[in-house]
1. Do the conditions hold for residue 123, that is, is it surrounded by 12 or more Cβ atoms within 10 Å (Cβ to Cβ) and within 19 Å of residue 206 (Cβ to Cβ)?
2. Collect the residues in segment 240-252 that are farther than 18 Å from residue 34 by Cβ and in a loop (DSSP other than H, G, I, E, B), keeping them in residue-number order.
3. Given 256, 240, 251, which one is at pLDDT below 95, closer than 16 Å to residue 28 by Cα and either in contact with a His (Cβ under 7 Å, 6 or more places away or on another chain) or β-branched (Val, Ile, Thr) (or both)?
4. For segment 57-84, name all the residues that are among the polar types (S, T, N, Q) and exposed (fewer than 12 other Cβ atoms within 10 Å of the Cβ).
5. Starting from residues that are touching a helix residue (DSSP H, G or I) at 6+ places or on another chain (Cβ under 9 Å) and either part of a strand (DSSP E or B) or of a type in the set (Phe, Trp, Tyr) (or both), keep the ones in segment 49-64 and report whichever is nearest to residue 91 (Cα to Cα).
6. Could you run through segment 231-247 and say how many residues are more than 12 Å from residue 190 (Cβ to Cβ) and crowded, with 19+ Cβ neighbours inside 10 Å?
7. Please enumerate the residues belonging to segment 18-41 that are surrounded by fewer than 18 Cβ atoms within 10 Å (Cβ to Cβ) and more than 20 Å from residue 246 (Cα to Cα).
Amino acid sequence: MKVVILAGGFGTRISEESVFKPKPMISIGGMPILWHIMKYYLHFGHNEFIICAGYKQEYIKEWFANYFIHNSDVSFDFRNGKNETTVHHSNLEPWKVTVVDTGYNTMTGGRIKRIQEYVGNETFLMTYGDGVCDVDVNKLIEFHKGHGKIATLTAVKIAQEKGVLDIDDNVVKAFREKNANDGAPINAGYMVLEPDIFDFLDGDSCVFERKPLEALACQGELMSYIHEGFWQCMDNIREKTLLENLLKEGKAPWKKWDRGIPNIPDYSK
């Protein structure tokens, strides 16, 4: 199943670093958060990615263009006045990555609409390029297939200043703004979408989280998969530092490629 990752925004709330690179290319633990997200999906067997790029999209393309040589042992032989390159060993993930320039000012729905030709008539996965979690992706897919609706989003309960969801028996009834001390679930991304979703998207100004998801909710075609584990976005330097510290302490739940899921302490206390 193909994985679509939104990676085209400006990242203005973390401008200390996004002025130089796209937000999904900001590093945690020495590698871009985009790489961490892709590694996580690979853990569940999903290795074909479509990256919806925009702001500084050339940075993403150049990073992947150099990924092979940066992760290989290489000999450069200049002795005969030539550049003879020999690759000895490579440490690469079995990925297929399509990076699409979806426009500089395009909104989230417009970006998804622009990659329709690369998805085709298939169910696909979609998430944002600035958040990590430990949701079981294959159980999420199983849940989606079981209800037969157009869209499933992962919902988490966490103290965030974001739009929240009114949910009744896993059916998303409406979106609304967050109230003070509101414990309602929020949209954490990590979605499963049917190709019918493209019928709800129109033009570069389309904001996926507004009209399309609201229309799906009104039609009873938007379901939520409640995730009670770890989820964290990286909107600012404080959240980047939090993720960095989890990696340093060996307590990063999304880092599943070389360790299991640890118990996460309550950092809010």
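The values are calculated or read from the model by the stated rules, or taken from the named source; none is laboratory data. Since the structure is predicted, the reported quantities are computational estimates derived from the model, not experimental observations. Cβ atoms come from the backbone with ideal geometry, glycine included; neighbour counts cover every protein chain shown.
1. On the way: surrounded by 12 or more Cβ atoms within 10 Å (Cβ to Cβ): yes; within 19 Å of residue 206 (Cβ to Cβ): no.
So residue 123 fails the test.
2. 249, 250, 251
3. On the way: 240 fails: either in contact with a His (Cβ under 7 Å, 6 or more places away or on another chain) or β-branched (Val, Ile, Thr) (or both); 251 fails: either in contact with a His (Cβ under 7 Å, 6 or more places away or on another chain) or β-branched (Val, Ile, Thr) (or both).
Just one listed residue meets the conditions, 256.
4. Applying the first criterion (among the polar types (S, T, N, Q)) to segment 57-84 yields 57, 66, 71-72, 75, 80, 83.
Once the filter is applied, which keeps residues that are among the polar types (S, T, N, Q) and exposed (fewer than 12 other Cβ atoms within 10 Å of the Cβ), segment 57-84 yields 66, 75, 80, 83.
5. 63
6. Keep residues of segment 231-247 that are more than 12 Å from residue 190 (Cβ to Cβ), which gives 232, 234-247.
With the extra rule that they be crowded, with 19+ Cβ neighbours inside 10 Å, the set shrinks to 232, 234, 240, 243, 246.
The qualifying residues number 5.
7. Once the filter is applied, which keeps residues that are surrounded by fewer than 18 Cβ atoms within 10 Å (Cβ to Cβ) and more than 20 Å from residue 246 (Cα to Cα), segment 18-41 yields 19, 20, 21.
Quick grid of which residues meet (1) at pLDDT 95 or above; (2) closer than 23 Å to residue 256 by Cβ:
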{"residue": "138", "(1), (2)": "yes, yes"}
{"residue": "166", "(1), (2)": "no, no"}
{"residue": "172", "(1), (2)": "no, no"}
{"residue": "203", "(1), (2)": "no, no"}
{"residue": "216", "(1), (2)": "yes, no"}
